[in-house]
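Structure first, then comments.
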Amino acid sequence: MWTYLKRQQAYLILGVFLVVLSFIHTHISPYLRQLLILSGINIILANGLNLISGITGQLSLGHAGFMAIGAYASAYLSVFVTGPESFAFLLNILAGGCLAGFFGFILGLPTLRLKGDYLAIVTLGFSEMIRVILLNMDSVGGARGLPQIPHNTDLIWTAGAVGLSLIFIYRMMKSYIGRAFLAIRENELAAQSCGINITKYKVISFTSGAFLAGIAGALFAHQLSYINPSIFGFIKSFEILIMIVLGGLGSLSGATLAAIILTFLPEALRPLQQITQIDFRMIIYSSLLIVMMLTRPSGLLGKRELWDFKIFGAFRRS
Amino acid sequence: MMSQPAEAILKVDNLSIAFGGLQVLMNVDFSVYSNEIVSLIGPNGAGKTTVFNIISGLYRPTSGSILFHSKNLTGMHPHRISNIGITRTFQNIRLFKDLTVLDNVIIAKHFAFCYKLLGSLFYTPAYVEEEAKAEKDALELLAVFGLAERAHDISKNLPYGEQRKLEIVRALASGVKILLLDEPAAGMNNAETSALLKLIHHIRDTFKITVLLIEHDMKLVMKISDRIIVLHHGEVIADGTPSQIRNNPHVVEAYLGNPT
Ligand SMILES: Nc1ncnc2c1ncn2[C@@H]1O[C@H](COP(=O)(O)OP(=O)(O)O)[C@@H](O)[C@H]1O
Ligand SMILES: [Mg+2]
């Protein structure tokens with residue numbers, strides 16, 4: 001357990017980090033800034049899915065669907081209702097997250113009772129359905145997409161959202177709620193015989209993951225300023241899934257690390273891509289997946305966290 | 001059975017269940033009294049585990065019911081049955097394999113936590129207190145069973161016998177009143193088995209609980225049981241003290257005559 005002092009120190013470090021960030025974020029190149037923001041959004045997406053699939057063990061293939069709900073809901077509010085004020089932006093992000101969470105709840109309640117791979121199929125179908133509905137919704141631009149979304153998302157907003165999301169998940173994992181998630185992943189029958197209402201905790205996990213996806217979607221929409229339904233297809237869900245598989249299902253720091261790597265790696269290979277005219281992203285994802293499965297089937301960190309490793313022992317909590 | 005109190009703590013009332021065309025249990029009827037060690041024995045496939053599956057809420061019987069202190073449990077969710085105080089172990093061990101020994105036990109204390117999610121987010125006094133108490137209680141319980149040293153090991157790395165023991169500790173941690181043990185001695189050698197039987201006696205006496213035990217090795221069962229119920233092809237063919245069972249002609253014919 002953290003000592004009182006250490007907890008103070010952690011918040012101090014976080015505070016200093018944000019202050020430094022607010023000074024430098026205008027001085028780094030727009031390109032790097034955008035990559036950092038995208039990393040942050042991917043960190044939230046990956047950790048949200050990790051909560052559902054890595055920690056609670058419920059395979060979901062529709063994370064992009066919840067992201068789309070958050071993106072569209074918040075963008076619609078910003079464009080047609082509130083305008084670009086910061087406070088309105090904050091409320092719109094939360095509205096996007098809540099609507100996505102609500103859909104997660106509605107979808108999860110009946111399907112999480114089912115066993116096995118049903119959830120994977122239902123979530124895949126759900127996210128495709130969301131995409132098709134958006135394609136046909138003229139009020140949000142249909143296939144043409146929704147342009148002129150205020151460009152509110154900056155590094156500070158993103159860093160704040162990432163920090164709060166990670167603290168939220170980390171603290172949840174330090175409670176009986178998080179332990180119930182793990183118990184369900186490990187063995188549903190044993191979890192029940194320990195008095196855990198498995199449907200209830202699956203729904204809590206699923207709803208929280210969907211909420212985080214909605215938040216990430218909202219940040220994403222206000223970063224890109226333009227969204228269309230095809231952004232939120234199956235490939236996007238797959239991308240997020242790869243992140244948590246790569247990082248190690250169930251590991252917070254693993255998912256975070258993998259989200260950063262998988263944001264920067266395709267960019268590093270962009271010159272090669274321009275010469276050869278091949279989209280390397282999918283090739284990278286597939287080959288990474290194959291290499292991982294052959295060499296480290298449990299992901300970069302497995303179920304452990306960065307601070308569980310000896311070399312990081314200095315940061316280990318007492 | 002003069003000494004038995006009038007009211008059974010657990011009553012299995014005329015239980016029948018069929019899977020498709022297969023009649024697995026037929027009018028199974030028996031009672032368990034407070035603080036008893038009762039063994040459910042019978043050849044493989046007799047339906048013993050199925051009785052446990054129904055008591056713990058995993059299966060719904062075709063007819064009949066389960067009464068706990070005269071309260072009908074039939075159709076209740078498994079987690080609620082655990083919360084009421086009936087907890088089982090499994091014939092094939094079901095630990096939370098990738099979690100530590102300590103976490104396995106703390107998870108079973110799920111019922112003991114009252115704080116809300118916000119409590120954990122903001123580190124409220126209630127959170128700190130409840131978590132500390134759960135950890136302390138779990139460590140104490142592990143110490144009683146000689147597993148304290150192993151508390152921070154990943155549970156799948158324990159030797160087989162200790163895994164079985166941990167499953168029992170986990171059941172005790174959940175505030176159990178009736179402990180259902182499904183072949184706890186399976187896969188153990190003679191020395192381990194007799195140690196386990198002593199342990200079961202010890203648990204009954206110190207934790208003041210009732211034990212219902214499945215074991216298909218009759219010789220072992222004779223030693224620790226207050227009462228034995230014999231199941232054969234889904235029917236109860238005998239119910240009595242070890243000496244009554246030993247001399248029961250039906251049992252001798254159905255069971256002893258055909259050793260497994
Ligand atoms: N879910 C099920 N579906 C079909 N048959 C089952 C099911 N559960 C148990 N059985 C059958 O019930 C019979 C008794 O099984 P079980 O209770 O496990 O026996 P025991 O524990 O006494 O060895 C077996 O023939 C088994 O195949
Ligand atoms: Mg059995």
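So what are the range B:38-121's ellipsoid semi-axes, whole angstrom, largest first, if each one is the square root of 5 times an eigenvalue of the alpha-carbon gyration tensor?
Largest first, the range B:38-121 gives 29, 19, 10 Å.
How well do other chains shield peptide B:107-119, expressed as the mean number of their Cβ atoms within 10 Å of each residue Cβ?
Whole-number average of other-chain Cβ neighbours for B:107-119 is 5.
Provide the three semi-axes, in whole Å and in decreasing order, of the ellipsoid equivalent to the range A:35-233 as defined by the square roots of 5 times the Cα gyration tensor eigenvalues.
Three semi-axes, in Å: 30, 19, 12.
Compute the Rg to Rh ratio over the range A:33-145 from the alpha carbon atoms, using the Kirkwood formula for Rh, and round to two decimal places. Can you show the working numbers first?
Working: Rg = 15.2 Å, Rh = 15.2 Å.
Taking Rh as the inverse mean 1/r over Cα pairs, Rg/Rh reads 1.00.
Kindly work out what percent of the DSSP beta bridges joining two residues of chain B are antiparallel, to the nearest 5.
Of the beta bridges lying entirely in chain B, close to 55 percent run antiparallel.
List the residue ranges in chain B for DSSP H helices whose C-alpha atoms run 27 angstrom or more along the long axis and whose Kyte-Doolittle average is -0.5 or above. Mind dumping the intermediate values first?
Values: long enough: B:125-144 (29 Å, -0.14).
Taking the DSSP H segments of chain B (at least 27 Å long, mean hydropathy at least -0.5), we get B:125-144.
Consider all pairwise Cα distances in the range A:215-259 and report the whole-number % of them above 16 Å.
49
Counting only other chains, and only Cβ atoms inside 10 Å, what mean value do you get across the residues of A:167-176?
Working: counts 1, 3, 0, 2, 8, 3, 1, 5, 10, 15.
The per-residue average across the peptide is 5.
For chain A, with every protein chain kept in place, what is the accessible area per residue (1.4 Å probe, Å²)?
Ligands and nucleic acids excluded, the result is 45 Å² per residue.
Once phi is turned into ³J(HN,Hα) by the Karplus curve 6.51 cos²θ - 1.76 cosθ + 1.60 with θ = phi - 60°, what whole-Hz value does each residue of the range A:124-134 show in order, with x for glycine and proline?
4, x, 4, 5, 5, 4, 4, 4, 5, 4, 4
Mind checking which lysines have their Cα closer than 18 Å to the Cα of B:K223? Skip sequence neighbours fewer than 8 apart in that chain.
Here the lysines satisfying the reach criterion relative to B:K223 are B:K198.
Taking Cα pairs under 8 Å and at least six residues apart, what relative contact order does the range B:90-245 come out at, in percent?
22
Can you compute 3J(HN,Hα) from phi for each residue in the range B:24-34, using the Karplus curve 6.51 cos²θ - 1.76 cosθ + 1.60 with θ = phi - 60°, rounded to whole Hz and x for Gly and Pro?
8, 10, 10, 6, 6, 9, 7, 10, 10, 9, 3
So how far, in whole Å, is the C-alpha centre of the range A:180-258 from the one of the range B:176-225?
42
Lys and Arg at +1, Asp and Glu at -1: add these up for the other residues within a Cβ distance under 13 Å of A:A213 and post the number.
Residues near A:A213 contribute 0 overall.
For B:K198, B:K71, B:K136, give me the order by solvent-accessible area with a 1.4 Å probe, most accessible first, ignoring ligands, DNA and RNA.
Descending accessible area places them as B:K198, B:K136, B:K71.
Among A:166-175, B:44-53, B:166-175, A:240-249, what's the highest-first ranking by average C-beta atoms within 10 angstrom per residue?
Ranking, from highest mean packing down: A:240-249, B:166-175, B:44-53, A:166-175.
From zero outward in steps of 10 Å, how is the percent of C-alpha pairs of the protein assembly as shown spread across the bins?
Calculated P(r), rounded to whole percents: 3, 15, 23, 21, 15, 11, 7, 3, 1, 0.
Rounded to the nearest 10 Å², what accessible area does A:Y31 have for a 1.4 Å probe in the complete protein model?
120
Quick one: Kirkwood hydrodynamic radius for the range B:90-175, alpha-carbon pairs, angstrom, one decimal?
After inverting the pairwise mean of 1/r, the radius is 13.3 Å.
Under a GNM of chain A (C-alpha, springs under 10 Å), which listed residue has the highest mean-square fluctuation: A:I28, A:I133, A:I44?
A:I28
Let me know the mean shielding of A:70-83 by other chains, meaning the per-residue number of their Cβ atoms within 10 Å of its Cβ.
Mean inter-chain Cβ contacts per residue within 10 Å come to 0.
The values are calculated or read from the model by the stated rules, or taken from the named source; none is laboratory data. No experiment lies behind these values; they were computed from the predicted model shown. Counting neighbours? That spans all protein chains shown, and the Cβs are built from the backbone with ideal geometry, glycine included. To get the accessible areas, we keep the full protein, side chains included, count just its heavy atoms, and leave off ligands, DNA and RNA. Shrake-Rupley method; radii C 1.70, N 1.55, O 1.52, S 1.80 Å.
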